[in-house]
Amino acid sequence: MKGTGEMGTSASYSRRDVLRGAGAVALAGALAACGSNSGRAGAGGISQWYHQYGEKGTQQAAERFAKAYTKANVQIQWTPGDYSQKLATGLLSSSGPDVFENQLNVDLVRAKQIVPLDDIFAAAKSDFVGPAVDANTYDGKLYAIPMIEDMQLLFYRKSLLAKAGVQPPKSIPELIEAAKKLTNKTVKGLFVGNFSRTNGNSVLSALSVWPSGADFLTPDHKVGFHQPGVVQTLQQLRQLFSSGSLLLGAPTDWSDPSAFIQGLTAMQWSGIWAIPQIKAAFGDDFGVAPWPALTATGKPSVPIGTWGAMVSAKSKNVDAAKQFVKWLWIDQTDDQLEWATKYGFHIPVRTSLLAKAAALKSGIGADVATFSQQYAKNSTPPEWTPKMQSAYGDVVTQVVQNGGDAESHSSQGRRPGQRRTQTPLRLIGGRTP
């Protein structure tokens, strides 16, 4: 399914649509209720909210899971359209969900809209993969049971790389050189998403920090990207942008593999959700790789995102809601494996289930499993706020697209009388969320 990458701008959603970038749930607006019921479940019941998934069979599976629960009547709310807006409104009212799925963000915790789930999670914690746990933990407390994991990576055509004498890149300079060699009159070397004058490129905003070993946040939740290595990476990405080997505009954005499948690019950054489409188009003539490190001796990275099951603090029966969440997302391992692997291509969030996922045992699937275990980086740390994302995105746009100096982050080539821009990286470099 084609998606936009932003919640609320598409008529339906696949799991990837809310796993692509940071963003708090907006606390305004309203949307008429849609789905299998119009509000909270009745007395003794539990209302569980989902966004509308793009993968066929997901709604039926969710309803079947709920029907199998015998301790309460669970009513499913399946929400087409703007799930984030409806959820924001529901969490402020008495007609919202008892249980819902979302990505954890600090605003939900600070507004006291969700409850900690450590009491039902502690015994199973060691079986859940670390990055998925971290993505759903804030200030030492777990607020969502990880349901599923998605991952982004670099796709490449094996035959095109072989023809150009290129190996899958292991460093940013190798990526730049490979993209140049793969570029010709009809094919660009690399597509990392469309560029906007105002919003830049969300992919490069994320992938400019990790190659040097830096991270968005330090362990004590301060901004962590104010590092010399990030400056070097930004300088390299500026070279990539101005090399003429990037596909800068495509009919669909990076999350959709159409540009790759149509032969517009030899390499494309996308997500594991694209694997079924790409395999149908090319068979075995494609490979996957992590985003390369700044140098060949550095550590590559792959952004991961998770859905988590949360319990609303406004639920009239928090304990019953928590017990249902425990039953479905901790105890029912067969259902969890089905949810992750039967509909599209996704990664289970439990070590014991990774070992049972047939699609991850060989070929591309085995590569995906290896990358997720060795190179995973949380794409949306709960403490990473929209304000911080916007500030850093401005830095990336200024340097990579506009050619600004990466060390001073001041605009170069200004028009006469044009005001010198400030240095947002320095200004936000020491602030806590």
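The values are calculated or read from the model by the stated rules, or taken from the named source; none is laboratory data. Every value quoted in this text rests on a predicted model; they were computed, and no experiment measured them. Positions of Cβ are backbone-derived with ideal geometry, glycine not excepted, and every protein chain shown enters the neighbour counts. Heavy atoms of the whole protein, side chains included, go into the accessibility calculation; ligands, DNA and RNA do not. Shrake-Rupley method; radii C 1.70, N 1.55, O 1.52, S 1.80 Å.
Each residue in the stretch 200-242 was checked for being open to solvent by 40 Å² or more (accessible area, probe 1.4 Å), assigned to a loop (DSSP other than H, G, I, E, B) and within 22 Å of residue 154 (Cβ to Cβ), and 3 of them qualify. The number of residues in the stretch 338-362 that are assigned to a helix (DSSP H, G or I) and open to solvent by 30 Å² or more (accessible area, probe 1.4 Å) comes to 6. The set of residues in the stretch 243-256 that are open to solvent by less than 70 Å² (accessible area, probe 1.4 Å) and either small (Gly, Ala, Ser) or in a loop (DSSP other than H, G, I, E, B) (or both) comprises 243, 244, 245, 247, 249, 250, 252, 253, 254, 255, 256. Consider residue 97 against the criteria (1) outside any loop (DSSP other than H, G, I, E, B); (2) open to solvent by less than 10 Å² (accessible area, probe 1.4 Å); (3) not charged (D, E, K, R): it satisfies all of them except one. Which criterion is unmet? For residue 97, the exception is condition (1).
Yes/no per residue for (1) in a helix (DSSP H, G or I); (2) open to solvent by 10 Å² or more (accessible area, probe 1.4 Å); (3) among the hydrophobic types (A, V, I, L, M, F, W, C):
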| position | (1), (2), (3) |
| --- | --- |
| 322 | yes, yes, no |
| 329 | yes, no, yes |
| 364 | yes, yes, yes |
| 368 | yes, no, yes |
| 371 | yes, yes, yes |
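Checking each residue of the stretch 80-91 against the condition of being over 27 Å from residue 335 (Cβ atoms), surrounded by 15 or more Cβ atoms within 10 Å (Cβ to Cβ) and at pLDDT below 90 gives no match.
A single entry from 166, 109, 115 fulfils the requirement of being over 28 Å from residue 54 (Cβ atoms), β-branched (Val, Ile, Thr) and free of Cβ contacts under 8 Å to residues at least 24 places away in the same chain: 166. Among the residues of this structure, residue 384 does not count as one that is over 23 Å from residue 256 (Cβ atoms), at pLDDT 90 or above and of a type in the set (A, V, I, L, M, F, W, C). If the condition is being assigned to a loop (DSSP other than H, G, I, E, B) and farther than 16 Å from residue 310 by Cβ, then the stretch 69-92 contributes 69, 70, 71, 72, 80, 81, 82. Among the residues of the stretch 130-158, those that are in a loop (DSSP other than H, G, I, E, B) and either open to solvent by less than 10 Å² (accessible area, probe 1.4 Å) or within 30 Å of residue 281 (Cβ to Cβ) (or both) comprise 136, 144, 157.
Within the option set 281, 259, being farther than 27 Å from residue 353 by Cα, assigned to a helix (DSSP H, G or I), open to solvent by less than 10 Å² (accessible area, probe 1.4 Å) and at pLDDT 95 or above holds for one residue only, 259.
Just one of the listed residues (119, 139, 82) is among the acidic types (Asp, Glu) and touching a Ser or Thr at 6+ places or on another chain (Cβ under 9 Å), namely 82. Does the stretch 190-199 include one or more residues that are at pLDDT 95 or above, over 19 Å from the mean Cα position of the chain (by Cα) and not hydroxyl-bearing (Ser, Thr, Tyr)? Yes, the stretch 190-199 has at least one match.
Okay, residues lined up against (1) of a type outside the set (D, E, K, R); (2) over 18 Å from the mean Cα position of the chain (by Cα):
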| position | (1), (2) |
| --- | --- |
| 90 | yes, yes |
| 103 | yes, no |
| 112 | no, yes |
| 127 | no, yes |
| 131 | yes, no |
| 153 | yes, no |
| 163 | no, yes |
| 167 | yes, yes |
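Quick grid of which residues meet (1) at pLDDT 90 or above; (2) under 23 Å from the mean Cα position of the chain (by Cα):
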residue	(1), (2)
330	yes, yes
344	no, yes
347	yes, yes
358	yes, no
364	yes, yes
378	no, yes
398	yes, no
415	no, no
